[in-house]
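Presented below is the structure to which this report refers.
The values are calculated or read from the model by the stated rules, or taken from the named source; none is laboratory data. In this text, all values refer to a predicted model and were calculated from it rather than measured experimentally. Cβ atoms come from the backbone with ideal geometry, glycine included; neighbour counts cover every protein chain shown. Just the protein is used for accessible areas: all its heavy atoms, side chains included, with ligands, DNA and RNA removed. Shrake-Rupley method; radii C 1.70, N 1.55, O 1.52, S 1.80 Å.
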Amino acid sequence: MMRGAVAGAEPGTFMPDWNAEPSTLYVVATPIGNLADLSARASEVLRTVTWVAAEDTRQTRKLMAHLGAGARLRSLHRGNEARTVPALVRSLRTTGASGALVSDAGTPLVSDPGRWLVEAALRAGIAVVPLPGPCAVVAALSVAGLDAARFVFEGFLPARAVARRRRVAELACETRTWAVYEAPHRIRALAGDIKEVLEPDRQVAWVRELTKRHEEAWRGAVGELDPERIPERGEFVVVVEGAGEEAGVPDQDLDAFLEPLLEAGLGVRTAAALARDCLGAAHKAAYARALALKR
Ligand code: SAM
């Protein structure tokens, strides 16, 4: 029977009063804004584990105080992982302690620290148990109105302008929906890159401050996106529709058609429009192909 399952109940039914098991590392998702989003199971585990490894102990202390939880807080961030991870794994293995890994907000390891602790715990044969919950990219995908059956999450794009634009150009050919995190002081620059590089009819959404007082979402076509109207405050996720699959036009035919046009100096947009009109190719696919050839 799985940990926490109710004896005799349907598989997957969990007891409401769920306690931490010894020698177990729990990877606990915490709210991305609204404290009510912490699951009952996560509250219970944070109250009963021996220690909580936190990205920023000041931040997690507030959550623990809200829960009335007294577990010892251990600081775990990129700068001290090499020193702290072995000590935490030793405590799980030799003292039978139970531990929880949290980040400042959302799901640990998703653009957040914790990977080395999870890896080391697994290598040491320790049970690593997820407590799923809030995650900004998943929340954004759930309201973006785009295909989320398959998607690509890119985390943060490069901060430097040239590298970021190059990455957006590479992503232009991605046929799955893609999503990125962005900081408020770079959101307009990213929106500018998207507008510059992607076809105007591609759908895009930005969401900010999910689950918080100033939660906001915008959805529309790239051509309607106005970078200057995006507030430069709060936390953002940007979700972009993937490039369409080519509509029955084989790659080599598309390339043979596009290459001479691009060599002759035609812009990517114009060449793609011609491929659509002359070959019947899907515009998004022709655009992505032309962009790749141009590079
Ligand atoms: N581990 C977290 C998760 O599961 O979503 C992500 C941590 S990452 C360091 C922080 C980024 O996530 C922010 O810069 C922002 O792009 C995004 N983010 C976090 N909270 C958010 C929120 N409430 N609304 C929109 N985006 C958010």
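Here are the numbers for the structure shown:
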read-out: ARG188 being without any contact (Cβ under 8 Å) to a residue 12 or more places away in the chain and within 16 Å of the ligand (Cβ to nearest atom); value: no
read-out: Unique residue being out of contact with any Asp or Glu (no Cβ under 7 Å at 6 or more places or on another chain), more than 19 Å from ARG164 (Cα to Cα) and not hydrophobic (A, V, I, L, M, F, W, C) when the list is ARG213, ARG208, ARG295; value: ARG213
read-out: Single condition ARG167 does not satisfy, out of (1) part of a helix (DSSP H, G or I); (2) more than 26 Å from LYS294 (Cα to Cα); (3) not acidic (Asp, Glu); value: (2)
read-out: Whichever residue in region 88-120 is part of a helix (DSSP H, G or I) and open to solvent by less than 40 Å² (accessible area, probe 1.4 Å) and, among such residues, is farthest from the ligand (Cβ to nearest atom); value: SER91
read-out: Failed item in (1) more than 16 Å from ALA243 (Cα to Cα); (2) modelled with pLDDT of 95 or more, with PHE153 passing the rest; value: (1)
read-out: Those residues of region 148-180 which are out of contact with any Leu (no Cβ under 8 Å at 6 or more places or on another chain) and basic (Lys, Arg), in sequence order; value: ARG150, ARG160, ARG165, ARG166, ARG176
read-out: Restricting region 225-238 to residues that are under 27 Å from ASN34 (Cα atoms) and either open to solvent by 60 Å² or more (accessible area, probe 1.4 Å) or in contact with a Gly (Cβ under 9 Å, 6 or more places away or on another chain) (or both), the residue that is nearest to the ligand (Cβ to nearest atom); value: GLU235
read-out: Residue check for GLU232: in a helix (DSSP H, G or I) and closer than 30 Å to ALA105 by Cα; value: no
read-out: Residue in region 121-148 that is nearest to the ligand (Cβ to nearest atom), counting only those that are part of a helix (DSSP H, G or I) and buried (at least 18 other Cβ atoms within 10 Å of the Cβ); value: ALA136
read-out: Cβ pairs under 7 Å, 6+ apart, first in region 33-47 and touching a residue at least 60 places away in the same chain (Cβ under 8 Å), second open to solvent by 60 Å² or more (accessible area, probe 1.4 Å) and not aliphatic (A, V, I, L, M); value: GLY33/LYS212; ASN34/LYS212; ARG41/PHE14
read-out: Flag if ALA159 is free of Cβ contacts under 8 Å to residues at least 60 places away in the same chain, over 30 Å from THR95 (Cβ atoms), out of contact with any strand residue (DSSP E or B) (no Cβ under 9 Å at 6 or more places or on another chain) and within 16 Å of the ligand (Cβ to nearest atom); value: yes
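Residue by residue, here is whether (1) under 21 Å from the mean Cα position of the chain (by Cα); (2) of a type in the set (Gly, Ala, Ser); (3) buried (at least 20 other Cβ atoms within 10 Å of the Cβ) holds:
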position: ALA169; (1), (2), (3): yes, yes, no
position: ARG186; (1), (2), (3): yes, no, no
position: LEU190; (1), (2), (3): yes, no, yes
position: GLU199; (1), (2), (3): no, no, yes
position: LYS212; (1), (2), (3): yes, no, no
position: GLY223; (1), (2), (3): no, yes, no
